[in-house]
1. When both residues are 6+ apart or on different chains and their Cβ atoms are under 9 Å apart, which pairs have a first residue that lies in region 45-66 and is closer than 15 Å to D29 by Cβ and part of a helix (DSSP H, G or I), and a second that is open to solvent by 70 Å² or more (accessible area, probe 1.4 Å) and at pLDDT below 90?
Amino acid sequence: MERVREVNVSMSAVETAREFCRAWFEKLDLDEVIAFLAEDITFVGTGEDEFVRGKPGMTAREAGYF
């Protein structure tokens, strides 16, 4: 999961959101999803123990879903 991908910085906010959702929900491409995230991401879910900090934590958390 160490593949580095450069996100297209010329996309609009709407295009970015669409591409992120497409990567997550249609393509199920974890590497592409992670490329959209900031290094210091903080994720807070809706359930118990759904809290993660940083890309490595997010990658590990989501790997089971992809």
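1. If the second residue must be open to solvent by 70 Å² or more (accessible area, probe 1.4 Å) and at pLDDT below 90, the pairs left are T59/M1; A63/M1.
Here's the yes/no breakdown for (1) modelled with pLDDT of 95 or more; (2) open to solvent by 50 Å² or more (accessible area, probe 1.4 Å); (3) acidic (D, E); (4) under 9 Å from the mean Cα position of the chain (by Cα):
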| site | (1), (2), (3), (4) |
| --- | --- |
| R18 | yes, yes, no, no |
| A23 | yes, no, no, yes |
| E26 | yes, yes, yes, no |
| E39 | yes, yes, yes, no |
| T42 | yes, yes, no, no |
| T46 | no, yes, no, no |
| E50 | no, yes, yes, no |
| G57 | no, no, no, no |
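The values are calculated or read from the model by the stated rules, or taken from the named source; none is laboratory data. Just so it is clear, the model here is predicted, and its values are computed rather than measured. With ideal geometry, Cβ positions are generated from the backbone for all residues, glycine too; neighbour counts draw on all protein chains shown. The accessibility values were calculated without ligands, DNA or RNA, using every heavy atom of the protein model including side chains. Shrake-Rupley method; radii C 1.70, N 1.55, O 1.52, S 1.80 Å.
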